[in-house]
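Notes follow the structure.
The values are calculated or read from the model by the stated rules, or taken from the named source; none is laboratory data. Note that the coordinates shown come from a computational prediction; the quantities given were computed from them, not determined experimentally. Note that we place each Cβ from the backbone using ideal geometry, even for glycine, and neighbour counts take in every protein chain shown. These accessible areas exclude ligands, DNA and RNA; they are computed on the full protein's heavy atoms, side chains included. Shrake-Rupley method; radii C 1.70, N 1.55, O 1.52, S 1.80 Å.
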Amino acid sequence: MSNLMSNYYPLEVTFVKGRGCWLTDTSGIEYLDALSGIGVVNLGHSHPAITKSIVDQSKELLHTSNVYRIANQEKLATRLCNLANMDKAFFSNSGAEANEAAIKIARLYARSKNIHNPIVLTANKGFHGRTMATLSATGQSKVQEGFAPLMSEFVHVDFDDIDAINKYSKNKDVVAVMLEPVQGEAGVIIPQSDYLNRVQILCEQNEWLYILDEVQAGMGRTGRLFAHQHNKITPDILCLAKGLGNGVPIGACLAKGKAAEMLTPGTHGSTFGGNPLVTGVASSVLDVFENDLILDNVMKMSQYFESEFKSKIMSSSVVRELRIKGLMIGIGLDENIIDCSKLTQKALEDKLLINITGNSIRMLPPLIISKKEIDILIKKIIKLITI
Ligand SMILES: Cc1ncc(COP(=O)(O)O)c(C=O)c1O
């Protein structure tokens, strides 16, 4: 029995140590981590440069509050804005809070246009967080159940269906479109290659803010630092978290143009958001991306995984499809043949950490994964889906 609230249902395992793609439990047994703490520890566990950054910064200063200027925060804002072609940054502690900032910006944008009942178009099956605003934006009833009344401004349309968005072109109350470039919690749903570009055109034509939630797909996960860079577009607002801190809690809401001017003194804030520790660590994360050519590894390992999967697993009658973008991996299985609800536990027994979403295996392995580790992963997946 524990004194924790019952909102989680953890697996019966406790980890005490992590190195690279591997976690060690209380009995000293090692597990291959193909989930990275749900897409967080992208540079692997205990990356020496990140550990050093945490130690060095904690010896100097952890926290002062946003009542004072924070040098690390200003540096990180400049760096992220340069990398993402954005103008301004707000730092939060989580992905949901980064999205909350985006939603508040959309509200202020509505006010600036004299729109009093704004609509934000979001996608069915999308996931944006667990706060009241972000669960309202989320397109999954299981996340919303029991929490009505929800915020009414979110109207859900089918993902990867440009006509579904285009239908709202004459609606004067729409102020923004908020999407994940690849739907993560839905099980890695990759839209057609020009979908994000076509949404961008509609947003420009209608003066809607284009909000991309890259909390899961960003920070190198898909092989570009930001997933939308595959499409050579720039949104008005870009939300990041998870891999930005490689395990320290930090989120960012980046904005450009009009969207960047909406927050004025007193309109938003956070006690912890962007403190010297987390912003220093996030800068070190960006250093590692540059110094260790992480994005190159993502593309190479993505191709290697795909070719190994196609030659060794794809022909299995259990497998329906492989959905892969960088190291964001979804494997659709045939539920009539295999009981997907048992697979997380079965994988755990084989010392493999994965996630199951509906009838899909979802994997977000550390971006530093090697060929050797992918070989182990492929073997473990074969064992997992062999009935
Ligand atoms: C796309 C997306 N947005 C937002 C969130 C919420 O982030 P957090 O749990 O840090 O609040 C998640 C978390 O899984 C996510 O995948």
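Descriptive notes on the structure:
- Model label points for residue 350 and residue 19, set 7 angstrom from Cα along the Cα-to-Cβ axis, are 2.5 nm apart.
- Antiparallel DSSP beta bridges within the range 53-291, as percent of all bridges there, nearest 5: 40
- About its Cα centre, the chain has a charge dipole of approximately 260 debye under the convention of +1 per Lys or Arg Cβ and -1 per Asp or Glu Cβ, with nothing else charged.
- Qualifying trypsin sites (Lys or Arg not before Pro) in the range 119-170, where qualification requires a DSSP coil assignment and no more than 13 other C-beta atoms within 10 Å, comprise 167, 170.
- The residues packed around residue 126, meaning those with a beta-carbon under 9 Å from its beta-carbon, carry a net charge of -2 if Lys and Arg are +1 and Asp and Glu are -1.
- Here is the tail figure for the range 34-139: Cα pairs spaced more than 24 Å apart come to 45 percent of all pairs.
- Sparse-neighbour loop sites [GluC sites (Glu not before Pro); the range 309-373; at most 16 other C-beta within 10 Å; DSSP]: 335
- Take the Cα of residue 116, step 7 Å toward its Cβ, do the same at residue 79, and the gap between the two points is 4.6 nm.
- The accessible-area ordering, largest first, of the residues 31, 304, 9 stands as 9, 304, 31, per a 1.4 angstrom probe.
- Here is how the number arises for the chain: DSSP H runs of 4 or more residues each give -39500 (n - 2.57), the sum is divided by the residue count, and the result at 222 nm is -10500 deg cm²/dmol.
- Each Lys and Arg contributes +1 and each Asp and Glu -1, all at the Cβ; summed about the Cα centre of the range 1-124, the dipole is approximately 640 debye.
- Distance between the range 199-270 and the range 306-334 - C-alpha centres, whole angstrom: 29
- Of 122, 344, 51, the residue with the greatest mean-square motion in the GNM of the chain, using alpha carbon springs below 10 Å, is 51.
- Once backbone amide H atoms are built at 1.01 Å from N, residue 186 has no partners under 5 Å, excluding neighbours fewer than 5 places away on the same chain.
- Long pairs among 17/342; 113/256; 17/325; 142/383; 75/325, criterion Cα-Cα beyond 24 Å: 17/342; 17/325; 142/383; 75/325
- The range 195-332: radius of gyration and largest Cα-Cα distance (Dmax), Å: 18.1, 59
- Candidate aspartates and glutamates for bridging to residue 125, where Cα separation is under 12 Å - those fewer than 8 sequence places away on the same chain excluded: 158, 160, 180, 185
- Percent of Cα pairs exceeding the 23 Å cut-off, where the set is the range 53-291: 46
- Here the range 147-221 is assigned +1 on the Cβ of each Lys and Arg and -1 on the Cβ of each Asp and Glu. Its dipole about the Cα centre then comes out at about 120 debye.
- Rolling a 1.4 Å probe over the protein heavy atoms leaves residue 22 with an accessible area of roughly 60 Å².
- Annotation for the range 51-118 versus the range 151-173: alpha-carbon center distance of 28 Å.
- All-pairs Cα distance distribution in the range 117-245, expressed in whole percent, bin size 10 Å: 13, 47, 34, 6, 0
- Gyration tensor over the Cα atoms of the range 173-227: the corresponding equivalent ellipsoid has semi-axes (square roots of 5 times the eigenvalues, largest first) of 21, 11, 11 Å.
- Which listed pairs, of 242/380; 88/351; 59/380, have C-alpha distances above 31 Å, in listed order: 88/351; 59/380
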